[in-house]
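Report on the following structure.
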Amino acid sequence: MSEDRYPFNDVEAVWRKKWDDEKAFSVDLDDDSGEHKYVLVMFSYPSASKLHIGHWWNYGGVDTHARYLRMNGVKVFEPMGFDSFGLPAETYAIKVGTHPKTVTEESISFIREQLKRIGAMYDWDWEVVTSRPNYYRWTQWLFQQLFKHGIAVQKDGLVNWSPTLQTVLANEQVINGMDERTGNPVVQKKMTQWYFRITKYAEKLLNGLEDIDWPESTVKRQKDWIGRSEGTSITFGVDGHDDTSIEVFTTRPDTLFGVSYVTLAPESDLVKQLTTDDRKAEVEEYVQTALRATEVDRTSTTREKTGVFTGSYAINPINEERVPIWVADYVLGSYGTGSVMAVPAHDQRDFEFALKFKLPIKLVIRPVKESLDVEDMTEAYTEPGIMHNSGQFSGLQSDVGKKAVTEKLETLDAGKHTVTYRLRDWSVSRQRYWGCPIPMIHCEKCGVVPVPEDQLPVVLPDEIHDFRPKGTSPLGALEDWVNTTCPTCGGAAKRDTDTMDTFVDSSFYHLRYLAADRDDAPFDKERMNRWMPISLYVGGPEHGTGHLIYIRFITRFLHEIGWSPVAEPAAKMVHQGIITKDGMRMSKSKGNVVNPEPFIEKYGSDVFRMYLMFTGDFRLGGDWSDDGITGIDRFANRVWRLVNRFPGDTEPSDKLNKGDYPEVVFRTLHNTIKSVGEDLENLSFNTAISRMMELVNELYKWLGEENDGKVNADAVRNLLGILIRIMSPFAPHFCEEAWTRLGGTPFVFQQEWPSYDESALVANTITLVVQVNGKLRDRIDAPADASNDDLERLALASEKVQGLMEGKSLRKAIVVPGKLVNLVVG
RNA sequence: GCCGGGGUGGCGGAAUUGGUAGACGCAGCGGACUCAAAAUCCGCCGGGCCCUGCGCCCUUGGGGGUUCGAGUCCCCCCCUCGGUACCA
């Protein structure tokens, strides 16, 4: 082996094999001793694509942190698995004409090997693969638990239908009216679907955010997504329809006297009922158009308001006023009650609508200070104020008025205080093949019946020829599979042919990892007690309102039914940043994707891994440059040459004798141990690497390139032993080899993290910065233990300072101990 | 529009509670080694000014402010990257 350059090709493969052969990363989940930390990074989503640079960024960094914890005596569980059901695999399978199962398994084998090259401490004994029956059996079990507890329900309703993907999508998968995967428009369609009633958990999911250390931005997004809104639901009567009423939700009951019309969403069932014969044709046409329109068209804010009059009138319960009932698509069928009371003077949307259709605008809230006239209004006045023209309530402040009006409505039995959420129930049925079958049977006599637990899993049939989407589940075509007997009555029945949203698969994998070896139970309570909650969960911020809500919801559900010891899955969450190319997000369409392979081939895995960590802050991401990697390559080789100049065959010692080293080297060493440790604690890998480079620079200044025989070789070797240990979380293969060359016994990651000596951190002398009126004027060497008075005297004695002070006098002196003196003169 | 993150040399990026701006690295320049090149090692490296030296001035997107002192705190504005979008 060459001693000049780190021979990564030999070294890395050799150590990976040793780790494998000796099961070096094996974790005993049943070991109770010591401190336990569950470090989890979101598992990978295999499709046609291989691991890209972003995976290295993410997985390399998290593993480096985990290795540091391990060297500090913490028992670390760091598993990896595959979220392998879903559209990417299926789409790819269709494209190449191969079965999704084959494609997926091949892809998993390939990616697992790539993951091993990163050198992470994954214990593959705990791997989970969501598309395998031994995993999805428990997905089905979960579904049935949800069903038994009334959380999984079948509902009829409008769903997001993607004509491109030929399937239903959850609200969380629709962005701006487009499906998040292809960016094509989504339409509303009436279908019977399975839903998980996450809305029942809205309040709990909101409150749970208080107990966890998650990125503030994500906490905020989840709060917004849940969208708790306090207000009043108010019942309007309908003129001439004694048996019918319209319920509206408002956060501004104080504006009730300003209602000039009531609006129904086009989806509302009331529309048909309340439309008078003469208006029928027009209303029907409007509703048809509105429902056909994509969400994008409907919600475009630049679009003018549209709507039609139904011909009927509603009765305002507070003053018996008769107001027209309109249909308008700016009212959403899916939020609140699907009907609103329109107060044009105090709501911008109603204001625009009223202007367009010449409906009355009644001012019922006045600003506290300035005056306001309807004629002058160019926009709605939406601030709180003083109630006005509001009968007995006139003169009340908005917030007082809200309460008073609500109370009054309660006595009239026409309203009550209500909390509404923006969060929708989670629709989980998918009309696709490559997913977990819904373990339910439909019997004409008995209704919906769960497949008995001892018959789980309902295996996804392989023998399917056409798994292309066609609007109904491909499973429906398999008559033998679909037709079954009812577990309750024994009569003929049919299986549910939809598969589950893949977010169900990933909503409990963190708990399943801990029982991956068990087929007799979904989870292992003892291990969960020991390891949960996840101490650090790492993944992209894009999952903020999807996966990260679902995993919290399902964990909480499992907690409530006694399966999970904790209600919140992850005590701490961190989002890795993204790595860009020339400041732009990498994407195939831009053609700027950087492929890791050539760099790994040229520099080895460790250098590549370290370079990514050096490129920027883990949480903020960084910009990839092909050139910069040479810096890390040089650094690694500088260390490599030092190690090979001071080999040994006994374990390097921790006991360093201060006298063996130049003061600056000894001090830098201890500072490096300290700051690298702190940086690893906070995932500040880039600065940690800088600190190690500084140490190596000091060593070269001291030792040069050649051994001159004047240094104590053993002393150097011991020092290098420390460097290699603190470097090992970053460059695991490299450091195993270096550690053994220094005489250490494998494995280096099983060594203890070196400790530093507080007293060795500070220099005997400091450089005192002298400022005059805040400007830097001089630097003076001063004893580190000098008192504030001494420092001030030294500063005043400076020639430069004296020159500047001529003719002036000292007003004030600010002394920052050990650092700086600022003399204020004038 | 609203909500977050970010704007620091030619480039990637550092800067504890406000206390030497530009750590570390890339690129560049100069030197050593070499027949030569690569590799390696050492030195320089924000801009400007009279280069007369250890000198002075300017500089963290722009403009104000607080402070002995501001990249950091406050106010206003600009750019950029994410998220979100008629939620009554």
*asked:* modelled with pLDDT of 95 or more and of a type in the set (D, E, K, R): is that true of residue A:495 in this structure?
replied: yes
Filtering the stretch A:326-376 for residues that are more than 38 Å from the chain's Cα centre (by Cα), at pLDDT 90 or above and assigned to a loop (DSSP other than H, G, I, E, B) leaves a count of 8
Residue set A:611, A:603, A:550; condition among the aromatic types (Phe, Trp, Tyr) and within 19 Å of the chain's Cα centre (by Cα); output residue A:550
All conditions in (1) farther than 24 Å from residue A:380 by Cβ; (2) at pLDDT below 95; (3) open to solvent by less than 60 Å² (accessible area, probe 1.4 Å) are true of residue A:268 except (1)
Residue hits (the stretch A:216-238; open to solvent by less than 70 Å² (accessible area, probe 1.4 Å) and more than 30 Å from residue A:575 (Cβ to Cβ)) are A:231, A:232, A:233, A:234, A:235, A:236, A:237, A:238
For the stretch A:417-476 the number of residues that are of a type outside the set (D, E, K, R) and assigned to a loop (DSSP other than H, G, I, E, B) is 26
| Does residue A:755 satisfy the criteria of being modelled with pLDDT under 85 and open to solvent by 10 Å² or more (accessible area, probe 1.4 Å)? | no
Per the list (1) within 12 Å of RNA strand B (Cβ to nearest atom); (2) surrounded by fewer than 18 Cβ atoms within 10 Å (Cβ to Cβ), residue check on residue A:613 breaks on (2)
Restricting the stretch A:2-26 to residues that are open to solvent by 100 Å² or more (accessible area, probe 1.4 Å) and within 16 Å of RNA strand B (Cβ to nearest atom), the one modelled with the highest pLDDT turns out to be A:5
Condition test on residue A:407, is it open to solvent by 80 Å² or more (accessible area, probe 1.4 Å), more than 30 Å from residue A:189 (Cα to Cα) and more than 16 Å from RNA strand B (Cβ to nearest atom)?
-> yes
Within the bounds of the stretch A:423-443, is there any residue that is over 30 Å from residue A:90 (Cβ atoms) and of a type in the set (D, E, K, R)?
no
For the stretch A:27-55 the number of residues that are surrounded by 13 or more Cβ atoms within 10 Å (Cβ to Cβ), of a type in the set (S, T, N, Q) and more than 29 Å from residue A:87 (Cα to Cα) is 0
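Per-residue answers, yes or no, for (1) at pLDDT 90 or above; (2) among the basic types (Lys, Arg); (3) closer than 30 Å to residue A:696 by Cα:
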| residue | (1), (2), (3) |
| --- | --- |
| A:743 | yes, no, yes |
| A:761 | no, no, yes |
| A:775 | no, yes, no |
| A:793 | no, yes, no |
| A:802 | no, no, no |
| A:810 | no, no, no |
| A:821 | no, no, no |
| A:824 | no, no, no |
**Message:** Can you confirm whether residue A:204 is over 18 Å from the mean Cα position of the chain (by Cα), in contact (Cβ under 8 Å) with a residue 40 or more places away in the chain and more than 22 Å from residue A:332 (Cα to Cα)?
**Reply:** yes
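The values are calculated or read from the model by the stated rules, or taken from the named source; none is laboratory data. This structure is a prediction, so every number in the text was calculated from the model and none was measured. Counting neighbours? That spans all protein chains shown, and the Cβs are built from the backbone with ideal geometry, glycine included. Accessible surface areas use protein heavy atoms only, side chains included; no ligands, DNA or RNA. Shrake-Rupley method; radii C 1.70, N 1.55, O 1.52, S 1.80 Å.
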